[in-house]
Amino acid sequence: MKIYNTMSRTKEEFVPGEPGKVKMYVCGPTVYNYFHLGNARPLVTFDSLRRYLEYIGYNVEFCQNFTDIDDRIILRAAEEKTTIQEISERYIKEYYVDADRLNVLRPTYEPKATETISEIIDFISELSDKGYTYELPDGIYFDVSKDPEYGKLSRFRLGDLVEGAGDRENKKEFDGKRNPGDFVVWKRKKEGEPAWSSPWGEGRPGWHIECSAMIRKHLGESIDIHGGGQDLVFPHHENEIAQSECATGSALAKYWVHNAFVNVDDEKMSKSAGNFFMVRDIAAKFDYRVIRFFILSGHYRMPINFSDSLLEAAENGLNRIRESVQNLRFTAAGEERKAVKNDNRNSWELMEAIDIASKEFLDAMDDDLNTADAITAIFRLVRAANTSCTDPSVSSDALLSAADKIMELGEVLGLDILGEDENRIPEEVLQLVQKRMAAKQEKNFKLADEIREQISALGYQIKDTSAGPQVVKL
RNA sequence: GGCGCCAUAGCCAAGGGGUAAGGCAGAGGUCUGCAAAACCUUCACCCCCGGUUCAAAUCCGGGUGGCGCCUCCA
């Protein structure tokens, strides 16, 4: 497959360091709150990349961290008069509630910063021994001027950073720093803060260092894919590269992959801007599957706007796929349909459409994870399959093959098109369906409509087809 | 100031030198007691101006408009 590499700013052929194996790392959440739609985008994007790589045969080792020690967590704990452990544990639990329902697979490794302290300290020691760091009263800093390649990912030059600093240049934060771009790897303890002992006294790790240490601990010195949101390119990933490559001497990652933002009215959704929507709250109105489908309906490197009407459009689109699978299975179950031989011409044409959809799907995903086109391939199969449902000469086997393929491709995107339990109809509902059938036979349409209302109140919808009533979960 | 991205129908969104995928919404029709779904039909010359070319929405140059990073941030 081809994947866009931020390092080269071009699409490159994906060739992992070790054949058949992929090592990928994605920057995970700082756990001090529920996550918003903008945070959900990389989760869904990289989960889909991981699923696709596994689908085409790779063995994927996937690592995603939890930042569970950070200024915001400390602040939150202070506000609530509790410990940082309590805060981070709570929001890790809540993270899983949302992530699981978004059908995000659990990573192979999910390290926490606070459980990686000794590796982080070792890492800093190495940098220190090699002369890349210096001490200031408040902590240990990385000297970016010691790294001749610094800036290669973001393509920022050190001089430009000084200019970009603008009005911040006069602020205290630069006091003592050798270069404006220098960043802290170990923060000395301030009164009342949680701390760990280290060769530099009590303190806690800086933000960037945890990822460098975790990657090496779980995946090794060099990995295949490193992912995250576009805003992490600088400074976070740039600094990770500087630390890791100065320490180990080898390239940290072969492919740098970054997703674009979720916007509201064309402006970046962010906590600081206050224009964010929690996934939890959106899920009160829309199914988590709709949220995932919405995220995947555009290319990951293009910004997407969020609004209710866009979610509604996504919901309707996803329903079209779901209904198709339901209709295919229902139609295939018909007795007359089962008698149709599967080697007739029209059945064969549907089988061909299935193959074409598979190929289009693979082509789309191979082209830099083009999930928008991959979804189009599914829609094209849906159209062909629905048309086949109206053609009595197409066999049950062919219809079921189409349904299976739609489910299979949907699963690669993690869409969970039809859950297992959605096929089982409760006895109570089935009895009502029988009663309604009887009422219809007697032309008692008033009663029939009342029963339909009852069924609907139980969460099921009834559709009268030429082959009898079809019941589906709403 | 530095670096970078984007501009395609009412909306969303792919594509990317040879004459515009798909979805949502809309209109008309078929089926149907009604409803729902489905099916059929219909719905764009791709921001503007130059240039290259037999041919440009696609390439190049210049505009205009929108956005992002350079500060915690997905």
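Things worth noting here:
- Entries in A:21/A:254; A:130/A:152; A:11/A:130; A:21/A:405 that, when Cα-Cα distance is taken, lie over 23 Å: A:11/A:130; A:21/A:405
- The phi-based Karplus calculation (6.51 cos²θ - 1.76 cosθ + 1.60; θ = phi - 60°) puts the 3J(HN,Hα) values of segment A:9-19 at 6, 9, 6, 10, 5, 7, 10, x, x, 10, x Hz, whole numbers, x for Gly and Pro.
- Of all lysines in the structure, those lying under 22 Å Cα to Cα from residue A:189, and not within fewer than 8 positions of it along the same chain, are A:81, A:112, A:171, A:172, A:177.
- 0 to 90° range, to nearest 10: angle between helix A:84-101 axis and chain A longest Cα axis: 30
- Cα-projected label distance for residue A:12 with residue A:160, points at 7 Å along beta-carbon direction, nm: 2.0
- With the largest listed first and rounded to whole Å, the semi-axes of the equivalent ellipsoid of segment A:45-202 from the Cα gyration tensor are 32, 24, 17.
- Karplus-derived 3J(HN,Hα) values for segment A:218-227, using 6.51 cos²θ - 1.76 cosθ + 1.60 with θ = phi - 60°, are 9, 10, x, 6, 10, 10, 8, 10, 10, x Hz; glycine and proline are entered as x.
- Gap separating the Cα centres of segment A:299-365 and segment A:440-458, nearest whole Å: 31
- A Förster radius of 41 Å, combined with the Cβ-Cβ distance separating residue A:273 from residue A:130, puts the computed FRET efficiency at roughly 0.55.
- The local environment of residue A:181, defined by Cβ-Cβ distances under 11 Å, has a net charge of -2 under the rule Lys, Arg +1 and Asp, Glu -1.
- For chain A, the share of DSSP beta bridges that are antiparallel, to the nearest 5, is 55%.
- The 3J(HN,Hα) values that the Karplus relation (6.51, -1.76, 1.60; θ = phi - 60°) gives for segment A:315-330 are, in residue order, 4, 5, x, 5, 4, 4, 5, 4, 5, 4, 4, 4, 5, 4, 5, 5 Hz. Gly and Pro appear as x.
- Cα centroid separation, segment A:1-43 to segment A:227-264 (Å): 9
- In percent, rounded to a whole number, the relative contact order of chain A is 16, using alpha-carbon pairs under 8 Å and six or more apart.
- Evaluated at q = 0.12 Å⁻¹: base-10 log I(q)/I(0), Debye formula over Cα of chain A: -1.08
- Straight-distance crosslink candidates among aspartates and glutamates, where the alpha carbon sits under 18 Å from residue A:268 and sequence neighbours closer than 8 are dropped: A:231, A:308
- Each peptide among A:433-445, A:396-408 gets the average number of other Cβ atoms lying within 10 Å of its residues, and from highest to lowest they stand as A:396-408, A:433-445.
- Long-range amide H partners of residue A:460 with built H, under 5 Å: A:474
- Its Cα centre serving as origin, chain A has a Cβ charge dipole (Lys and Arg +1, Asp and Glu -1) of approximately 760 debye.
- Residue pairs exceeding 26 angstrom between C-alpha atoms, taken from A:341/A:443; A:446/A:473; A:435/A:463; A:217/A:271: A:341/A:443; A:217/A:271.
- When only the Cβ of Lys, Arg, Asp and Glu is charged (+1, +1, -1, -1), the dipole of segment A:217-292 relative to its Cα centre reaches about 380 debye.
- Each Cα pair of segment A:296-425 feeds into the Kirkwood radius, which the Stokes-Einstein equation turns, at 37 °C and 0.692 mPa s, into a diffusion coefficient of 213 µm²/s.
- Mean separation of Cα contacts under 8 Å (6+ apart) over length of segment A:307-466, as relative contact order %: 25
Every read-out reported here was derived from the displayed coordinates using simple, explicitly stated rules and does not represent laboratory data. Note that this is a predicted model, so its numbers are computed, not measured. Neighbour counts are summed over all protein chains in view; Cβ atoms, including those assigned to glycine, are modelled from backbone coordinates with ideal geometry.
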